[in-house]
């Protein structure tokens with residue numbers, strides 16, 4: 001959203017940008033949830049928007065020397081310049097209502113939030129640090145899936161992240177997964193759906209293959225709302241759908257239930 005005015009992607013109304021910003025980046029007319037940057041996510045969820053970024057020294061490479069209409073190396077440079085990030089996820093440590101938490105927030109603006117080896121490594125490091133420090137882990141997913149420019153190296157991250165989460169589960173340390181629009185492909189097929197609690201923002205697209213691909217494959221029309229968070233909740237694939245303005249308090253309540261900690265005054 002640039003300038004003073006913007007248009008809602010859902011109801012198409014012209015809106016004053018500040019009204020959306022003041023409303024957690026939600027359309028005040030139709031409740032449409034605009035996509036948020038990874039930084040905005042961290043600022044919104046941590047106490048007083050304060051946290052420490054970690055694992056900032058990992059950068060993507062181009063081991064396959066991949067090229068489509070552009071080389072992968074060029075695409076990386078363009079996305080690094082556009083977002084100011086080294087890849088499509090940020091790891092941070094901070095507190096939520098006084099509870100120390102490690103959080104990973106994905107950045108869709110960086111190559112569609114695709115998961116390459118750096119994203120998989122950073123998610124894994126976050127989970128491993130949660131295990132080492134015995135603190136809860138929260139992952140905010142927003143992704144188009146595995147990064148094709150890294151081939152099998154990208155697909156390996158599904159097993160890598162899932163294995164780390166299995167170790168966290170064995171230790172009895174809480175892992176909360178938040179799925180936002182969109183969460184698809186290899187991310188859905190790995191860490192995004194492995195939370196002790198899996199929650200999503202309203203009307204988020206969540207799935208493996210896209211609905212058009214599925215329709216073309218099975219030669220049938222899909223049900224209304226297919227692959228949206230409310231549909232998944234109705235069919236038992238999610239634990240809850242939570243509006244963004246309630247997300248922080250919801251996660252804190254879940255953490256206190258898991259950790260058996262009383263509310264701070």
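Just so it is clear, none of the values below were taken in a lab; they were calculated from the coordinates. Predicted, not measured: the structure shown is a model, and the values here were computed from it. A quick note on method: Cβ atoms are made from the backbone with ideal geometry, for glycine too, and the neighbour counts reach across all protein chains shown.
With a cut-off of 8 Å between alpha carbons and a minimum separation of six or more residues, what is the relative contact order of the chain in percent?
Numbers: 476 pairs, mean separation 35.0, N = 265.
About 13 percent, as a whole number.
Evaluate 2.2 N^0.38 Å with N set to the residue count of the range 151-241, then give the Cα radius of gyration divided by it. Numbers along the way, then the final one.
Details: Rg = 14.3 Å, N = 91, 2.2 N^0.38 = 12.2 Å.
Scaled against compact globular proteins, the figure is 1.17.
Return 234, 33 ranked ascending by Cβ neighbour count within 10 Å, so the fewest neighbours appear first.
On the way: 234 12, 33 20.
Ordered by Cβ neighbours within 10 Å, fewest first: 234, 33.
For the range 207-258, take the convex hull of the Cα atoms, compute a quarter of its surface area, and give me that in nm², please. Provide the component values of the computation, followed by the final result.
Details: hull surface 19.1 nm².
Taking the Cα atoms of the range 207-258, their convex hull projects to 4.8 nm² on average.
Quick check: residue separation of residue 65 and residue 260 times 0.36 nm, minus the Cα distance between them. What number comes out in nm?
So the extension gain works out to 65.2 nm.
What nm value, rounded to one decimal, do you get for the distance between residue 220 and residue 5 when each label is placed 7 Å out toward the C-beta?
4.6 nm
Provide 58, 165, 218, 173 in ascending order of the number of other Cβ atoms located within 10 Å of each residue's Cβ, fewest first. Please report the intermediate quantities before stating the final value.
Numbers: 58 15, 165 25, 218 9, 173 20.
Going from sparsest to densest Cβ surroundings: 218, 58, 173, 165.
Counting each DSSP H run of 4 or more residues in the chain as -39500 (n - 2.57), what helix-only mean residue ellipticity at 222 nm follows after dividing by all residues, to the nearest 500 deg cm²/dmol?
On the way: 9 runs with 97 residues, N = 265.
Calculated at 222 nm, the ellipticity per residue is -11000 deg cm²/dmol.
Fewest first, what order do 16, 72 take by the number of other Cβ atoms within 10 Å?
Details: 16 12, 72 22.
Ordered by Cβ neighbours within 10 Å, fewest first: 16, 72.
Could you sort 37-49, 126-138 so that the peptide with the highest average Cβ count within 10 Å comes first and the rest follow in order? Don't skip to the answer; put the middle values down first.
Numbers: 37-49: 17.9, 126-138: 19.6.
Those peptides, ordered most packed to least, come out 126-138, 37-49.
How much length is gained if the chain between residue 17 and residue 167 is pulled fully straight, taking 0.36 nm per residue apart and subtracting their Cα-Cα distance, in nm to one decimal? The partial results should precede the final answer.
Details: separation 150, 0.36 × 150 = 54.00 nm, distance 4.36 nm.
Full-extension gain reported as 49.6 nm.
Packing-wise, with mean Cβ within 10 Å as the measure, how do 6-12, 84-90 rank, highest first? All intermediate terms of the calculation are to be shown ahead of the outcome.
Details: 6-12: 13.6, 84-90: 22.4.
The packing order, highest mean first, is 84-90, 6-12.
Considering only the chain, what is the antiparallel percent among its DSSP beta bridges, to the nearest 5? Present the calculation step by step, with values, prior to reporting the outcome.
Working: 18 of 36 bridges.
Bridges in the chain are about 50 percent antiparallel.
Running a GNM on the chain with Cα contacts under 10 Å, which residue among 223, 174, 60 ends up with the highest mean-square fluctuation?
It is 223.
In square nanometres, what is the average projected area of the Cα convex hull of the range 1-43?
The Cα convex hull of the range 1-43, projected and averaged over all directions, gives 2.8 nm².
For the range 35-259, just say rounded, prolate or oblate: build the C-alpha gyration tensor, square-root its eigenvalues into a ≥ b ≥ c, call rounded for a/c under 1.5, and beyond that prolate if a/b exceeds b/c, oblate if not. Before the final figure, lay out the partial values.
Values: a/c = 1.61, a/b = 1.12, b/c = 1.45.
The shape class here is oblate.
Quick check on the range 1-98: take the gyration tensor over C-alpha atoms, sort the square-rooted eigenvalues as a ≥ b ≥ c, and tell me if it's rounded (a/c under 1.5), prolate or oblate.
Details: a/c = 3.19, a/b = 1.34, b/c = 2.39.
Because a/c hits 1.5 or more and a/b fails to exceed b/c, the range 1-98 counts as oblate.
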